[in-house]
1. Quick one: what does P(r) look like for the chain with 5 Å bins over all Cα pairs, in whole %?
2. Tell me which lysines have Cα within less than 20 Å of LYS168's Cα, excluding those fewer than 8 residues away on the same chain?
3. Between SER103 and THR44, how many nm apart are label points set 7 Å from Cα along the C-beta direction?
4. Helix 2-14 versus the longest principal axis of the chain: what angle, 0 to 90°, nearest 10, using Cα atoms?
5. Roughly how many Å is it from the Cα centre of region 131-194 to that of region 63-112, as a whole number?
6. Does region 118-167 come out rounded, prolate or oblate by the C-alpha gyration tensor, with a ≥ b ≥ c the root eigenvalues, rounded set by a/c under 1.5 and, if not, prolate when a/b is larger than b/c and oblate if not?
7. How far apart, in nm, are the 7 Å Cα→Cβ label points at ALA116 and VAL83?
8. State the answer as a single residue: which of VAL60, ILE177, GLY144 lies farthest towards the positive end of the charge dipole of region 35-194, with beta carbon charges of +1 for Lys and Arg and -1 for Asp and Glu, about the Cα centre.
Amino acid sequence: MRMLVGMIFVCLVSMGWAEADASIILHENTLNKFLAAVGPVQKTENFSISSIKGQYRWLVQNPRLKLLPGKARFEADVTVSLVSPSLSYSTPAYGEVSVVYDSVSNRINIKVEKVAFEVAFTILGKRIRIAEVDISKFYQIAFGFPGPKPFEAVVDVAMPDGSKRPIKIETKPVLAIEEQRIVVGSELVYTPMR
């Protein structure tokens, strides 16, 4: 449920419906440095289709996130090879990325959704689809970022007569995906308490 609220909030805010009083900015290159540290990922797998058996290998390189107004996208370059006979081709891999601010935990969570590519070869004039590979589990942003929520929920303001006036601080989350950056903020609402 929180993810759905966050996803809806992304859409509303990216259309300019709210403005943050305090915010944190995550740049695209910061997220891509993490993906670059993961580096290339490869695997060799067996297949058996009809009477054809063999092995194929896939190699994922250059994983990156693209942040565009209102959305985040995963991209990578994939090379697929048949071990024997020696055949190979390259294909891009694309997938959507969810960006959600969880106001309860005060964390910004970034999750790469399904990123799939097809493994298929033409052998003896016939196109053979071997598999579909989803690589999203290898490229998760494995940590959340702290969000812009104030530490106090109530602040006492000293008055001239020596009394204190409590002010309740509430926040409304603001999340926008812009060109090359994610902006997560809080609109602060101050309410005097009686």
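Laboratory data are not the source of any read-out in this text; all were calculated from the coordinates shown. Nothing here was measured: the structure is a model prediction, and the numbers come from that model. Quick reminder, even Gly has a Cβ in these numbers, built from the backbone with ideal geometry, and neighbours come from all protein chains shown.
1. Going out from 0 Å in 5 Å bins, the chain shows 1, 7, 13, 14, 12, 10, 9, 8, 7, 5, 4, 3, 2, 1, 1, 1, 0, 0, 0 percent.
2. Of all the lysines, those that pass the test against LYS168 - Cα under 20 Å, at least 8 places apart if same chain - are LYS149.
3. 5.3 nm
4. 80 degrees
5. Using only Cα atoms to place each centre, the spacing works out to 27 Å.
6. prolate
7. Computed distance between label sites ALA116 and VAL83 equals 2.5 nm.
8. Of the listed residues, the answer is VAL60.
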